[in-house]
1. So the check is Cβ under 6 Å with 6+ separation or different chains; which pairs have a first residue in the range 252-267 that's over 14 Å from Thr234 (Cα atoms) and a second one that's within 12 Å of the ligand (Cβ to nearest atom) and in a helix (DSSP H, G or I)?
2. Quick check: is even one residue across the range 300-309 part of a loop (DSSP other than H, G, I, E, B) and within 16 Å of the ligand (Cβ to nearest atom)?
3. Can you tell me which of (1) of a type in the set (A, V, I, L, M, F, W, C); (2) closer than 17 Å to His260 by Cβ; (3) free of Cβ contacts under 8 Å to residues at least 60 places away in the same chain is the one Ala187 doesn't meet?
4. Quick one: in the range 182-213, which of the residues that are of a type in the set (D, E, K, R) and in a helix (DSSP H, G or I) is nearest to Ala265 (Cα to Cα)?
5. Quick check, is Ile243 part of a helix (DSSP H, G or I) and of a type in the set (Val, Ile, Thr)?
6. If you take the residues of the range 417-451 that are in a loop (DSSP other than H, G, I, E, B) and of a type in the set (A, V, I, L, M, F, W, C), which of them is nearest to Ser291 (Cα to Cα)?
7. Residues that are in a loop (DSSP other than H, G, I, E, B), in contact (Cβ under 8 Å) with a residue 60 or more places away in the chain, within 16 Å of the ligand (Cβ to nearest atom) and surrounded by 17 or more Cβ atoms within 10 Å (Cβ to Cβ): does the range 315-338 have at least one?
8. So if I check each of Ala213, Ala265, Ala228, which one is within 16 Å of the ligand (Cβ to nearest atom) and more than 21 Å from Gln446 (Cα to Cα)?
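No value in this document is a laboratory result; all are computed from the given coordinates. All of these numbers come straight from a predicted model, not from anything done at the bench. Here the Cβ positions follow ideal geometry from the backbone for every residue, glycine too, while neighbour counts run over all protein chains shown.
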Amino acid sequence: MSSSLEQLKGRLTDVTSLRSAIAVLDWDQQTYMPSGGAHARATTVESLSRLAHEIFTADETRQLLDKAKTEVDPTTDEGALVRVVGRDVDLATKFPSEFVARKTKLAAIAHEDWVKARANNDFKGFEATLTEMFEIAKQEAEYLGYTDHIYDALLDQYEEGATAADCVKMFEALKAGQVPLVKAIQAAKPIDDSALYGEWDAAKQSQFTEFIAKEVGYDFNRGRQDVAPHPFCTTFGIGDVRITTRYKSYIGSAIFGTLHESGHAMYEQGSPADWEGSMLAGGVSLGIHESQSRFWENIVGRSLPFWNRYLPKLQETFPALNGIGVEDFYRQINKVETSFIRVEADELTYNLHVLVRFEIECDILTGKLAVKDLPEAWNAKYTEYLGVTPKTDAEGCLQDVHWSMGSIGYFPTYSMGNVLSYQIWNALKKDIPGAEEGFGRGEFQQVQDWLIEKIYRHGRKFSPKDLVVHATGKPMDPTDYIDGLNAKYRAIYGL
Ligand code: ZN
């Protein structure tokens, strides 16, 4: 008779296999599936998800977990596996099935209501379902449990151990450091990046973006790039981590989209090979994951040394870009333009969009703000933090899909990712002086090796907070990020 741990691993392999199959089907749906396949695909995915959930949350799994706990040393990989799976099973079983069904049903209705409300700029048409969705989120938090703030329960699902207090501290610092910078840039001479818009051949964009993804270290023997309307990264196993990109009139859309997803993918590819199929493999949290996508997108991909090396190649691919000097190109790809729309936001203003959503979510969850007063509160915050006032609710509080899906409590992980990307970068530069200059010589291996050593190879073994301290020597601290942004953008805008 094998040990409880071995039996547990056997059950988990079935869950992992089902989840991989779902990921393949989902990838196919977003890339190649004809639209006629949607109905059958939904049924298939629903069945496989149900089977995975049943195996994962069955009494037998719990019993094996309890026994395995007594067999393993908590400081080993096996101890970490038992801890991580225990947490996942807990999260998957906190909600009664009637509650899950109620939320799923409401989300379907809310999504339709949201699409209509946004198209017709009719917040009133969405108000009732959104109110109910926030009620559901409150109840969700009660099922999950919390000690200090209701938000803690929701956020912890995406970022283990992170709290509303952490977010408040982070956003206070970001507000103080970023709002004046954004205002100064708004008053400065705007950058003209019109040369970066045009009709760019898709095949050539594909060729160029694959080239730079390979250069920075995304392993195409264990990955591939395809086209999807919304870029994403998906993992079928450590040996098969795929990305997608999209080709738009803005040349940077594909380039930075690819680098962003490559960052997610390299994190997933960086788990130890012998963890294939283990639930310890992959990224530990949304915030840490986003720190890696932002690292490769912004710190590497929007740096001057990087383009010193790769602009000639880009110009060779797209001769219409000939004549742009590298300094100008660098300024153009770092153009700051305040917009009402989060998904169009640049590196600098993105956090301010997230800040608005975080404050509003907290205020609604704690009863400080009624959903009916949301548009007014939204517009006031945009005016205060970004200096722009949305003219309609469609370009204001109705712009994001997330709340209609009941995804409440995870927006701050985007900002954590931004903050951590610079904190990790500063720690890396201490160990590898001249790393940035190395980008100009196509030297990424030492950077990649450092990230593997400090972050990637640990997969989900440590909690996100422990991992940050382990990698950077301190807990999350927005100082590096704010200093980095100020130095970069004050130079670009001559402030
Ligand atoms: Zn991302």
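1. These pairs meet every condition: Phe256/Glu297; Leu259/Trp296; Leu259/Glu297.
2. First, the residues of the range 300-309 that are part of a loop (DSSP other than H, G, I, E, B): 301-303.
Still in the running and within 16 Å of the ligand (Cβ to nearest atom): 301-302.
Taking every residue of the range 300-309 in turn, at least one turns out to be part of a loop (DSSP other than H, G, I, E, B) and within 16 Å of the ligand (Cβ to nearest atom).
3. Ala187 satisfies all of (1) of a type in the set (A, V, I, L, M, F, W, C); (2) closer than 17 Å to His260 by Cβ; (3) free of Cβ contacts under 8 Å to residues at least 60 places away in the same chain except (2).
4. Step one: list which residues in the range 182-213 are of a type in the set (D, E, K, R), which gives 183, 189, 192-193, 199, 201, 204, 210.
Add one more test, that the residue is in a helix (DSSP H, G or I), and what stays is 183, 204, 210.
Working: Lys183: 35, Lys204: 22, Glu210: 13 Å.
Filtering first and then ranking leaves Glu210.
5. Criteria not met by Ile243.
6. Restricting attention to the range 417-451, the residues satisfying the condition of being in a loop (DSSP other than H, G, I, E, B) are 432-434, 440-444.
Within this subset, residues satisfying the condition of being of a type in the set (A, V, I, L, M, F, W, C) are 432, 444.
On the way: Ile432: 19, Phe444: 17 Å.
By that ranking, first place goes to Phe444.
7. First, the residues of the range 315-338 that are in a loop (DSSP other than H, G, I, E, B): 318, 322-325, 334-338.
From what is left, the residues that are in contact (Cβ under 8 Å) with a residue 60 or more places away in the chain are 318, 324, 334-338.
Narrowing the set further to residues that are within 16 Å of the ligand (Cβ to nearest atom) leaves none.
No, because not a single residue in the range 315-338 is in a loop (DSSP other than H, G, I, E, B), in contact (Cβ under 8 Å) with a residue 60 or more places away in the chain, within 16 Å of the ligand (Cβ to nearest atom) and surrounded by 17 or more Cβ atoms within 10 Å (Cβ to Cβ).
8. Details: Ala213 fails: more than 21 Å from Gln446 (Cα to Cα); Ala265 fails: more than 21 Å from Gln446 (Cα to Cα).
One residue alone meets the criteria, Ala228.
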